[in-house]
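In what follows, a single structure is set out as structure tokens and then discussed.
Just so it is clear, none of the values below were taken in a lab; they were calculated from the coordinates. Computed from a prediction, not measured in an experiment: that's the story for all the values here. Neighbour counts are summed over all protein chains in view; Cβ atoms, including those assigned to glycine, are modelled from backbone coordinates with ideal geometry.
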Amino acid sequence: MVALVNVRRMIPRTDAVLADPRLAGAEQRLGRPLVLAAVRRAQERARAGLASAAVSLPESIAARLRAGDSGSRGGWIGGAGPCR
């Protein structure tokens, strides 16, 4: 018998991701609204199967924010322009 796993259940809740200490620096530097948008976008990508739910969302979000991929230049958060 094969057990079916709902991959979306593996995606952490928004509040749990925001509470992760790896995002604290980004939140201080960029502000909560931008980090929240990044978290939600990463969750959407994981739900759509575009990102692995097994990969640590807080770590991948923090890495993208450290790299300056905040969406202000049409990056991965907004895709077409600044995150507002």
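Please give the length that would be gained between M1 and S52 if that part of the chain were fully extended, namely 0.36 nm times their separation in residues minus their C-alpha to C-alpha distance (nm, one decimal).
Separation in residues times 0.36 nm, less the Cα-Cα distance, equals 15.9 nm.
Can you list residues whose amide H is under 5 Å from A51's amide H, if they're 5+ apart or on another chain and H is modeled 1.01 Å from N?
A46
Kirkwood hydrodynamic radius for segment 11-66: how many Å is it when counted over pairs of different Cα atoms? It would help to have the intermediate numbers written out before the result.
Values: mean 1/r = 0.0912 Å⁻¹.
About 11.0 Å, per the Kirkwood formula over Cα pairs.
Could you work out how far apart the two model spin labels at E44 and T14 are, taking each label as a point 7 Å from the Cα in the direction of the beta carbon, and quote it in nm?
Label-label distance for E44 and T14, simple model: 1.2 nm.
What ³J(HN,Hα) values, in whole Hz, does the Karplus curve 6.51 cos²θ - 1.76 cosθ + 1.60 give for segment 31-40 when θ = phi - 60°, with x put for Gly and Pro?
Here the 3J(HN,Hα) series is x, 4, x, 5, 5, 4, 5, 5, 5, 5 Hz.
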